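Q: Got a structure for you, written out below as structure tokens; questions coming shortly.
Read-outs throughout are calculated quantities, based only on the coordinates presented, and are distinct from any laboratory measurement. Computed from a prediction, not measured in an experiment: that's the story for all the values here. Backbone-built Cβ (ideal geometry, glycine too); neighbour counts: all protein chains shown.
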Amino acid sequence: MPLEWNADELATLHSMWRAGETGTTIAARLGTSRSAVLGKISRIGLMRGKRAPRPVRRKPPRSTKPKFPFLKRKPPPKPSGPVHFAQLAEHHCRWIPGEPHTQMYCGATKISGSSYCAAHTHRAWARTAAKATAA
């Protein structure tokens, strides 16, 4: 089909589109491609009936929970004393309070889901929380 549409082709396009024919059917009738038909329909702004309004997409509300809930509370007091690696049990905090070569660990009871007690969990995650709130 040439680049320009003649009056007969445009009349056929209009009538077939408004009758509910598909772009493929119209293209076969006019001897052109479906893309050419749909492009012309788009350029001249043909519509079928009334367009249904698009639903408004709304973002889900932000969570009111704090991202790092343990940082909102005051950190608990420091644990009583360190535990040597040989006495380290499953429930002990794995924070190394001094030099690693001493093989001493915090030893306080660790909180659920962490390797550290509450005080050391607070200390370990303080920088991450500060970066998250700054962003």
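Q: Which distance in nm do the two modelled labels at His84 and Thr25 give, with both placed 7 Å along the Cα-to-Cβ direction?
A: Label at His84, label at Thr25, 9.0 nm between them.
Q: Would you list, by chain and number, the aspartates and glutamates whose Cα falls below 17 Å from the Cα of Lys110, excluding same-chain residues fewer than 8 positions away?
A: Hits, sequence-local ones excluded: Glu90.
Q: Can you list residues whose amide H is under 5 Å from Tyr105's amide H, if they're 5+ apart or on another chain and H is modeled 1.01 Å from N?
A: Here Val83, His84, Phe85 satisfy the definition.
Q: Whole-Hz Karplus ³J(HN,Hα) for segment 31-47, in order, using 6.51 cos²θ - 1.76 cosθ + 1.60 and θ = phi - 60°, x for Gly and Pro?
A: Each residue of segment 31-47 in turn: x, 9, 8, 4, 4, 5, 5, 5, x, 5, 4, 5, 5, 8, x, 6, 10 Hz.
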